[in-house]
Ligand code: SAH
């Protein structure tokens, strides 16, 4: 078996320890009001987490001024940090709760993982690009998140060692939802994914009931980077 690098995020207890005032809070408040609440996201936890998370620290330094604008931004290695509204919408659809163990595929900047960490018990997040896994881990540690584990590896396989997961979110698009991820979803669990590979995808939700039966719903068109195939 290929050796995976596991970074356990440790840091200051649960606080977004930034030290001093945050000059970006007016921009962040405006983002939440206009882009998130303004488009109908109502979940109190999602709104609270978005107000508390310094998105500008998850983008490359040269793009900080654009961190709260209504668009995805490039973060290197062909990856993007998703548009704030899409992050909010997917998090609201996922309905994470404090008792939940969550799996994210596509750590990228770590921003989505930071939101999930505030709304669930523990987040495991897999990133295929080693440099992104490392920098996301550093950002999350700096902000004090204790309950996020960043793993460099191939999301197609999920994380059988830590399954089942109450919630699974894919932030890179596969052509079809990988079966290992469906298998690793807990009974009563929910999975959100952009499905369709290159170009425009369909935002899909799977729900697994207590008997293991899976139902599928669709929430319209989204655009994500495609999931890459890892080397065996
Ligand atoms: N959730 C991220 C955005 C992710 S962009 C954020 O909040 O910033 C999609 C990410 O998925 C990219 O970083 C890309 O490298 C990663 N990715 C692509 N294919 C993957 C795979 N097979 N396994 C894990 N990560 C993958």
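Throughout, read-outs are computed from the coordinates displayed, never taken from laboratory work. Here the structure is a predicted model, which is why all the values come from computation and not from measurement. Note: ideal-geometry Cβ built from the backbone for every residue, glycine included; neighbour counts use all protein chains shown.
Could you list, in sequence order, all residues of the stretch 87-113 that are more than 7 Å from the ligand (Cβ to nearest atom), under 21 Å from residue 68 (Cβ atoms) and in contact with a strand residue (DSSP E or B) (Cβ under 6 Å, 6 or more places away or on another chain)?
90
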Could you check residue 206 against (1) within 15 Å of the ligand (Cβ to nearest atom); (2) in contact with a helix residue (DSSP H, G or I) (Cβ under 9 Å, 6 or more places away or on another chain); (3) within 23 Å of residue 93 (Cα to Cα); (4) not in a helix (DSSP H, G or I) and say which number it fails? (1)
Residue hits (the stretch 122-150; near the ligand (Cβ under 9 Å from one of its atoms) and under 21 Å from residue 100 (Cα atoms)) are 125, 126, 127
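Quick check on my filter: what residues within the stretch 201-222 are at positive phi and without any contact (Cβ under 8 Å) to a residue 24 or more places away in the chain?
Kept after step one, since they are at positive phi, are these residues of the stretch 201-222: 212, 220.
Answer for the stretch 201-222, where residues must be at positive phi and without any contact (Cβ under 8 Å) to a residue 24 or more places away in the chain: just 220.
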Only helices (runs of 4 or more DSSP H) wholly contained in the stretch 101-197 count here; list those with 3 or more residues that are under 16 Å from residue 81 (Cα atoms) and in contact (Cβ under 8 Å) with a residue 24 or more places away in the chain. 111-119, 130-142
Which ones in the stretch 55-64 are in contact with a helix residue (DSSP H, G or I) (Cβ under 8 Å, 6 or more places away or on another chain) and either part of a helix (DSSP H, G or I) or surrounded by fewer than 18 Cβ atoms within 10 Å (Cβ to Cβ) (or both)? 55, 56, 57, 58, 64
Among the residues of the stretch 59-76, write down those that are at negative phi, out of contact with any strand residue (DSSP E or B) (no Cβ under 6 Å at 6 or more places or on another chain) and in contact (Cβ under 8 Å) with a residue 40 or more places away in the chain. 64, 67, 68
